[in-house]
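The next block holds one structure in the form of structure tokens; read it before the comments.
The values are calculated or read from the model by the stated rules, or taken from the named source; none is laboratory data. Note that the structure is a prediction, hence the values are computed from the model and not measured. Cβ placement follows ideal geometry from the backbone for every residue including glycine, while neighbour counts extend to all protein chains displayed. Side chains included, ligands, DNA and RNA excluded: accessible areas come from the protein's heavy atoms. Shrake-Rupley method; radii C 1.70, N 1.55, O 1.52, S 1.80 Å.
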Amino acid sequence: MTTTLTPVLSLTWGAERSWTMDTYRQHGGYDALRKAVTLDPADLVSMVKDSGLRGRGGAGFPTGLKWSFLPQPDGGPRYLVVNADESEPGTCKDTPLMMASPHLLVEGSIITSFAIGCHHAFIYLRGEELHVYRRLLRAVEEAYEAGYLGKDVLGTGYDLELTVHAGAGAYICGEETALLDSLEGRRGQPRLKPPFPAVAGLYARPTVVNNVESIASVPSIVAGGVDWFRAMGTEKSAGYGLFSLSGHVTRPGQYEAPLGVTLRELLDMAGGMRNGRTLKFWTPGGSSTPLFTAEHLDVPLDYESVGAAGSMLGTRALQIFDETTCVVRAITRWAEFYAHESCGKCTPCREGTYWLKQVLARIEHGHGTHEDLDTLLDVCDNILGRAFCALGDGATSTITSGIALFRDEFEAHIDGGACPFDPAASALFEYTPRSRRTPALTGATAGTAGA
């Protein structure tokens, strides 16, 4: 049995009251900060750049390189904003990290702020996660009490304020510029780029926006060194990461492993598919990434290998589905999410996601036509690369890949006049399926729409 795990971020998750300052310091917490404040900030930026740490929020952009894009100091403020607005279906790594080890994120935020010359940092959290919000607030409070935040941090003369901000619960605010607008008190909608946040971000000042896991990885790089970090992962995708296995696996959960691990290895550690069933399809990086099948079990889960295989590593949200799952139903549910979360700023996404949802629902209910498949692909083509931000692109990924991989299943819905799958069979628990109708496009129900 494979045991390729690298508990770094998750090292203390099993400790008693792991979220407290005392437990965190018992395991070496804030030692990296004490080391970092003795170094030149430019050396810290170079250290993170040399480590090869890539953004863990989905895009995989080199973290240290992003820091280096900040212009030279001009006497005005500059900001760090931690993107904790985790809300894509299947993506569930940042929330347990903040719940189990909030001080790791706080320490990473302080080190990063010191490195880039920031004196006021923000953690932007998804508003519904009240339990995480309270835990982060307490961790920040403890850090202030210990002298890690506030005036004269650790007697160095460096000042830093850290604000935890709860958003209003919009998926679009995971896009960095929409997040900044929301943080400034405006409606969360993406901004036109350029200017990029590094030049004109929060309050039109130079800003670094990084994912929770990216910032939480910084203390270990400072403590362990560049060579230690690069010894894990692959040459171009260095280090470790949290792989979130959900769905039809025996032991779903967070598995921290080096980048480049395969789903076959992760499934082995997770006890395999539930009840010995067969893997049908899976997402390597959440619901915004093209689907993979059992043929991709041995694809190394790093940015380059997953990209070469036709998908994206994204947030490493591995949603696993067995043969009981209707791929049309799964894709329809994702399409409904993106249509609901579209901010409406651009026409391709606002109108396109609406029609994708409608046409998919029609096919799922057995009222579709073969022309609908061409319509879906045509709408996806008019969204991909034409939307204002990546939400539109993500909405098309599972649809285009799903039709390419499972066209016969779409046609079975059309030719059979109904879904050939029992929705209850794919559930992890017993339930009675609800009737889901779309009167606007379903001829059989249009006459009862006003009933």
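At-a-glance table
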{"read-out": "Enumeration of residues in region 215-231 that are under 18 Å from THR315 (Cα atoms) and not in a helix (DSSP H, G or I)", "value": "SER217"}
{"read-out": "Pair list, Cβ < 6 Å and 6+ apart or interchain, from region 19-38 residues that are within 23 Å of HIS131 (Cβ to Cβ) to residues that are open to solvent by 20 Å² or more (accessible area, probe 1.4 Å) and not polar (S, T, N, Q)", "value": "TRP19/ARG135; MET21/GLU142; THR23/ALA15; THR23/ARG17"}
{"read-out": "Count of residues meeting criterion [surrounded by fewer than 19 Cβ atoms within 10 Å (Cβ to Cβ) and assigned to a helix (DSSP H, G or I)] in region 373-389", "value": "7"}
{"read-out": "Matching residues in region 284-327 - criterion: being open to solvent by 40 Å² or more (accessible area, probe 1.4 Å), out of contact with any strand residue (DSSP E or B) (no Cβ under 9 Å at 6 or more places or on another chain) and among the hydrophobic types (A, V, I, L, M, F, W, C)", "value": "ALA308, MET312"}
{"read-out": "Residue check, LEU154 in contact with a helix residue (DSSP H, G or I) (Cβ under 7 Å, 6 or more places away or on another chain) and either more than 24 Å from ALA390 (Cβ to Cβ) or in a strand (DSSP E or B) (or both)", "value": "yes"}
{"read-out": "Qualifying position, being of a type in the set (A, V, I, L, M), farther than 23 Å from SER237 by Cα and part of a loop (DSSP other than H, G, I, E, B), among LEU5, LEU11, LEU33, LEU39", "value": "LEU39"}
{"read-out": "Evaluation of PRO73 against (1) more than 22 Å from MET98 (Cα to Cα); (2) buried (at least 21 other Cβ atoms within 10 Å of the Cβ); (3) over 23 Å from the mean Cα position of the chain (by Cα) (one fails), failing number", "value": "(2)"}
{"read-out": "Any hit, region 39-59, residues being charged (D, E, K, R), in contact (Cβ under 8 Å) with a residue 40 or more places away in the chain and open to solvent by less than 60 Å² (accessible area, probe 1.4 Å)", "value": "yes"}
{"read-out": "Qualifying residue in region 325-343 (condition: out of contact with any Phe, Trp or Tyr (no Cβ under 6 Å at 6 or more places or on another chain), assigned to a loop (DSSP other than H, G, I, E, B), among the small types (Gly, Ala, Ser) and modelled with pLDDT under 95)", "value": "no"}
{"read-out": "Residue match in region 350-358 (condition: at negative phi, surrounded by 18 or more Cβ atoms within 10 Å (Cβ to Cβ), in contact (Cβ under 8 Å) with a residue 40 or more places away in the chain and part of a loop (DSSP other than H, G, I, E, B))", "value": "no"}
{"read-out": "Subset of region 395-436 (residues that are closer than 21 Å to MET312 by Cα and either in contact (Cβ under 8 Å) with a residue 24 or more places away in the chain or among the acidic types (Asp, Glu) (or both))", "value": "ALA395, THR396, SER397, THR398, ILE399, THR400, SER401, GLY402, ILE403, LEU405, PHE406"}
{"read-out": "Matching residues in region 151-162 - criterion: being open to solvent by less than 50 Å² (accessible area, probe 1.4 Å) and either under 28 Å from the mean Cα position of the chain (by Cα) or under 13 Å from VAL106 (Cα atoms) (or both)", "value": "LEU160, LEU162"}
{"read-out": "Hey, THR369 open to solvent by 30 Å² or more (accessible area, probe 1.4 Å) and β-branched (Val, Ile, Thr) or not", "value": "yes"}
{"read-out": "Scan of region 16-27 for residues that are open to solvent by less than 30 Å² (accessible area, probe 1.4 Å) and part of a loop (DSSP other than H, G, I, E, B), ordered by number", "value": "SER18, THR20"}
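To keep it simple, each residue is scored yes or no on (1) without any contact (Cβ under 8 Å) to a residue 12 or more places away in the chain; (2) open to solvent by less than 10 Å² (accessible area, probe 1.4 Å); (3) in contact with a Lys or Arg (Cβ under 9 Å, 6 or more places away or on another chain); (4) assigned to a helix (DSSP H, G or I).
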residue: PRO89; (1), (2), (3), (4): no, no, yes, no
residue: THR95; (1), (2), (3), (4): no, no, yes, yes
residue: SER109; (1), (2), (3), (4): no, yes, no, yes
residue: PHE122; (1), (2), (3), (4): no, no, no, no
residue: GLU142; (1), (2), (3), (4): no, no, no, yes
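Quick grid of which residues meet (1) modelled with pLDDT under 95; (2) over 29 Å from the mean Cα position of the chain (by Cα); (3) more than 30 Å from CYS173 (Cβ to Cβ):
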residue: CYS380; (1), (2), (3): no, no, no
residue: GLY402; (1), (2), (3): no, no, no
residue: GLY416; (1), (2), (3): no, yes, yes
residue: PHE429; (1), (2), (3): yes, no, yes
residue: PRO439; (1), (2), (3): yes, yes, yes
residue: THR442; (1), (2), (3): yes, yes, yes
residue: ALA446; (1), (2), (3): yes, yes, yes
